[in-house]
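What follows is a set of notes on a single structure, which appears directly below.
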Amino acid sequence: MLRRFMAGFGLACLLTATATQAADPILIKFSHVVAPDAPKGRGADKFKELAEKYTDGRVKVEVYPNSQLYKDKEEIEALQLGAVQMLAPSLAKFGPLGAKEFEVYDLPFLMPDVDAVHRVFESATGKRLLAGLEPKGIKGLAYWDNGFRVFTANRPLRLPSDFFGLKVRIQSSKVLETQMRALGGVPQVMAFSEVYQALQTGVVDGSEVDRTNIYTQKLHEVQKAITLSDHGYLGYGVIANKAFWDNLPPDIRGHLERAVVDATAHVRDIAHKLDVEAEAAIKASGKTELVVLTAAERAAWGEALKPVYAQVEGRVGKALIEEVRGVVAAGTK
């Protein structure tokens with residue numbers, strides 16, 4: 001009788017433990033390298049809020065900002081290995097992964113405004129690029145907005161000749177490297193988390209980044225000038241570990257896809273506003289000079305950067321460059 005009771009008790013405990021285990025929420029670790037109040041940081045927090053809401057708590061999202069878990073070069077490998085489940089790396093980071101086509105987004109003066117950026121992101125071309133990440137174990141989910149790139153330095157950068165000899169931090173992209181050399185600077189690839197100290201100590205002389213990341217990382221406090229060149233767009237790709245995403249229960253995956261769509265709309269709503277606010281706050285700080293290019297100066301930049309297209313078309317793909325140009329031009333008709 002006791003043996004029968006113990007067997008029944010053990011089975012009950014096992015069933016209780018199994019039920020408890022089954023009730024544990026699915027954990028998503030979402031890692032990124034920027035501040036929580038930058039567009040990507042706010043997007044990650046909005047995704048967390050919506051994912052947990054839409055799944056009634058069956059999913060728990062942990063957001064790790066400011067390179068708390070991984071630096072630039074480490075985070076995609078961590079995603080592929082399953083150490084984190086979601087990221088939103090800048091589009092330049094996919095080139096070193098072998099997805100060289102993404103470097104089309106780094107070409108200078110390719111997309112003149114945010115509307116053109118959105119047309120490309122939403123086009124068949126933009127969607128095809130995201131889908132092309134799947135053989136690398138990555139599920140491309142969406143594009144997130146950020147802002148146009150500008151240059152920081154300890155002197156005003158009005159003409160290409162002003163770049164001569166400057167060591168400028170760039171993201172790891174052959175297009176950005178070629179661009180920097182065309183301007184006369186010396187490209188320095190460096191993790192974003194290291195940029196402030198490198199600028200402060202003179203390891204590098206300048207950086208190429210957007211306004212919100214300059215402000216939230218306080219880069220304007222260690223640079224004397226910011227040239228508002230808006231020469232290229234710095235956007236993000238929202239990605240997940242493909243095996244993790246594909247193995248989610250279909251209803252959970254559907255709720256998370258909805259959360260991605262709604263978080264993407266939220267980022268679009270706030271990115272330009274945060275960009276404008278960041279520039280205003282930088283100006284109000286009085287710590288750095290904001291340099292606005294004249295039409296003649298901008299034309300000189302364009303002339304200096306024209307050769308970049310021919311130099312990288314073998315890497316990025318001439319047909320892809322023309323395809324993106326066509327999408328951009330379609331909105332101007």
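The number of residues in region 257-295 that are open to solvent by 50 Å² or more (accessible area, probe 1.4 Å), more than 30 Å from Gly137 (Cα to Cα) and touching a strand residue (DSSP E or B) at 6+ places or on another chain (Cβ under 6 Å) comes to 2. Any chance region 94-116 includes a residue that's within 20 Å of Arg258 (Cα to Cα), touching a helix residue (DSSP H, G or I) at 6+ places or on another chain (Cβ under 8 Å) and either part of a helix (DSSP H, G or I) or touching a residue at least 24 places away in the same chain (Cβ under 8 Å) (or both)? Looking for residues that are within 20 Å of Arg258 (Cα to Cα), touching a helix residue (DSSP H, G or I) at 6+ places or on another chain (Cβ under 8 Å) and either part of a helix (DSSP H, G or I) or touching a residue at least 24 places away in the same chain (Cβ under 8 Å) (or both), one finds none in region 94-116, hence no.
In region 149-172, the residues that are closer than 22 Å to Glu194 by Cβ reach residues that are among the hydrophobic types (A, V, I, L, M, F, W, C) and open to solvent by 40 Å² or more (accessible area, probe 1.4 Å) with C-beta atoms within less than 6 angstrom, at least six apart or across chains, in these pairs: Lys167/Val186; Ser172/Val189. The C-beta contact set for region 66-87 (first residue within 19 Å of Gly235 (Cα to Cα), second residue at pLDDT below 95 and surrounded by fewer than 17 Cβ atoms within 10 Å (Cβ to Cβ), distance under 7 angstrom, 6+ apart or interchain) comprises Ser67/Ser193; Lys71/Ser193; Ile76/Leu97. Residues that are farther than 21 Å from Arg268 by Cα and touching a Pro at 6+ places or on another chain (Cβ under 8 Å) occur at least once in region 75-95.
Consider region 100-132 and keep the residues that are more than 15 Å from the chain's Cα centre (by Cα) and farther than 30 Å from Glu303 by Cβ. The one that is surrounded by the fewest Cβ atoms within 10 Å (Cβ to Cβ) is Ala124.
May I ask you to list the residues in region 296-312 that are open to solvent by 20 Å² or more (accessible area, probe 1.4 Å) and under 23 Å from the mean Cα position of the chain (by Cα)?
Filtering region 296-312 for residues open to solvent by 20 Å² or more (accessible area, probe 1.4 Å) gives 296-300, 302-304, 306-307, 309-311.
Listed by number, the list holds a single entry, Tyr309.
Among what's in region 141-170 and is outside any loop (DSSP other than H, G, I, E, B) and open to solvent by 20 Å² or more (accessible area, probe 1.4 Å), pick the residue that is nearest to Thr264 (Cα to Cα). Applying the filter and picking the extreme gives Leu141.
So which residues in region 79-99 are among the small types (Gly, Ala, Ser) and open to solvent by 10 Å² or more (accessible area, probe 1.4 Å)? Selection gives Gly82, Ala83, Gly98. Pairs are defined by a Cβ separation below 6 Å, a sequence spacing of at least 6 or placement on different chains, a first member in region 257-279 that is under 18 Å from Ser229 (Cβ atoms), and a second member that is assigned to a helix (DSSP H, G or I) and among the aromatic types (Phe, Trp, Tyr); the pairs so defined are Ala278/Tyr215. Here Thr288 meets the list (1) under 23 Å from Asp145 (Cβ atoms); (2) over 23 Å from the mean Cα position of the chain (by Cα); (3) not charged (D, E, K, R) almost entirely, failing just condition (1). Exactly one residue among Lys73, Lys53, Lys29, Lys46 is touching a Phe, Trp or Tyr at 6+ places or on another chain (Cβ under 9 Å) and either surrounded by fewer than 23 Cβ atoms within 10 Å (Cβ to Cβ) or in a helix (DSSP H, G or I) (or both), and that residue is Lys29.
Which of the strands (runs of 3 or more DSSP E) found entirely inside region 200-256 contain at least 2 residues meeting this: under 29 Å from Leu27 (Cα atoms) and open to solvent by less than 10 Å² (accessible area, probe 1.4 Å)? Break it down stepwise before answering.
Working: elements: 206-210, 225-227, 233-241.
In region 200-256, 233-241 are the strands (runs of 3 or more DSSP E) which contain 2 or more residues that are under 29 Å from Leu27 (Cα atoms) and open to solvent by less than 10 Å² (accessible area, probe 1.4 Å).
The values are calculated or read from the model by the stated rules, or taken from the named source; none is laboratory data. Everything numeric here is computed off the predicted structure, so don't read it as measured data. All Cβ positions, glycine included, derive from the backbone under ideal geometry; neighbour counts span all protein chains shown. In case anyone asks, the SASA skips ligands and DNA or RNA and just uses the protein heavy atoms, side chains included. Shrake-Rupley method; radii C 1.70, N 1.55, O 1.52, S 1.80 Å.
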